[in-house]
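The values are calculated or read from the model by the stated rules, or taken from the named source; none is laboratory data. It should be emphasised that the depicted structure is a prediction, and the values quoted were computed from it without experimental measurement. No Cβ is skipped: glycine too gets one built from the backbone with ideal geometry, and neighbour counts run over all protein chains shown.
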Amino acid sequence: MNDVNENESGLGEEALAALRARFALDRYATERTGARIDRVLPPSRPGDLAREVVCSLSLEDGHRNATGGVMGGVSFTLADFVFAIASNGFEGESGTVTGAATIQFCGAPRGARLVATGRPLRSGRTAAFFEVRVEDDLGNLVSVVNLTGFRSPKIPKPPQIAKQ
C-alpha cells in the first residue's frame, strides 16, 4: 500500500504526521511488528471514533510461527493498533482501552503485506464497538477482529521503561 495523500486520508499532511509520531510510541506495534498508519478518516463529531483507520505491515520472517505460517498474534496486534488509533487519536484527555476482543481466522495470508481496515460499529459515552478486517495485499481475508473498548476519564501516563 502506498502512502496516501491529504485528500485520501481526510487529514492534512501535518495532522497525519502528528498522529504517526504520537502512535510511534506504541513500540510493540510499530517497532516489533512494523505496523504503520496508512489512512485515517477523522471522527464526524468530537468524542466519536475515527470513521476509518487503515494500517499495514510487511510480512517478514519474524512474523512466522514454527510451521512457517504467519503467527495469529500479528493479525491481532495490527487490529488492536487500528482500534487504538481510532479510539484514542482524537480524544484529548479521555481515553479508551480494549476490554474484550474476538478474532476469527479466515485464511492464511498469501501476499507480502497485511492491511487492516477498521470501522466503528457503535460508539457511546462509556463503551465503543469496533470491527477490523485484516486482509493480505492480494485481497485475501485473513481475519476479522471485533473489539469492545471502555472509555476512561483520563489516560494514565505510561511508566518509563528503560530501552535495552
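Here are the numbers:
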{"read-out": "A35 out of contact with any helix residue (DSSP H, G or I) (no Cβ under 9 Å at 6 or more places or on another chain) and either in contact (Cβ under 8 Å) with a residue 12 or more places away in the chain or of a type in the set (D, E, K, R) (or both)", "value": "no"}
{"read-out": "Hey, F130 in contact with a Gly (Cβ under 8 Å, 6 or more places away or on another chain), closer than 25 Å to L11 by Cα, modelled with pLDDT of 95 or more and surrounded by 11 or more Cβ atoms within 10 Å (Cβ to Cβ) or not", "value": "yes"}
{"read-out": "Residue in region 65-75 that is surrounded by 22 or more Cβ atoms within 10 Å (Cβ to Cβ), aliphatic (A, V, I, L, M), assigned to a helix (DSSP H, G or I) and out of contact with any Asp or Glu (no Cβ under 9 Å at 6 or more places or on another chain) present", "value": "yes"}
{"read-out": "Residue list for region 44-62, filter: surrounded by 18 or more Cβ atoms within 10 Å (Cβ to Cβ) and among the acidic types (D, E)", "value": "none"}
{"read-out": "Failed item in (1) under 21 Å from R20 (Cβ atoms); (2) out of contact with any Phe, Trp or Tyr (no Cβ under 9 Å at 6 or more places or on another chain); (3) crowded, with 18+ Cβ neighbours inside 10 Å, with A116 passing the rest", "value": "(2)"}
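Per-residue answers, yes or no, for (1) touching an Asp or Glu at 6+ places or on another chain (Cβ under 9 Å); (2) assigned to a strand (DSSP E or B); (3) modelled with pLDDT of 95 or more; (4) not aliphatic (A, V, I, L, M):
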{"position": "P109", "(1), (2), (3), (4)": "yes, no, yes, yes"}
{"position": "T117", "(1), (2), (3), (4)": "yes, yes, yes, yes"}
{"position": "R122", "(1), (2), (3), (4)": "no, yes, no, yes"}
{"position": "R125", "(1), (2), (3), (4)": "no, no, no, yes"}
{"position": "E135", "(1), (2), (3), (4)": "no, yes, yes, yes"}
{"position": "V142", "(1), (2), (3), (4)": "yes, yes, yes, no"}
{"position": "N146", "(1), (2), (3), (4)": "yes, yes, yes, yes"}
{"position": "I155", "(1), (2), (3), (4)": "yes, no, no, no"}
{"position": "I161", "(1), (2), (3), (4)": "no, no, no, no"}
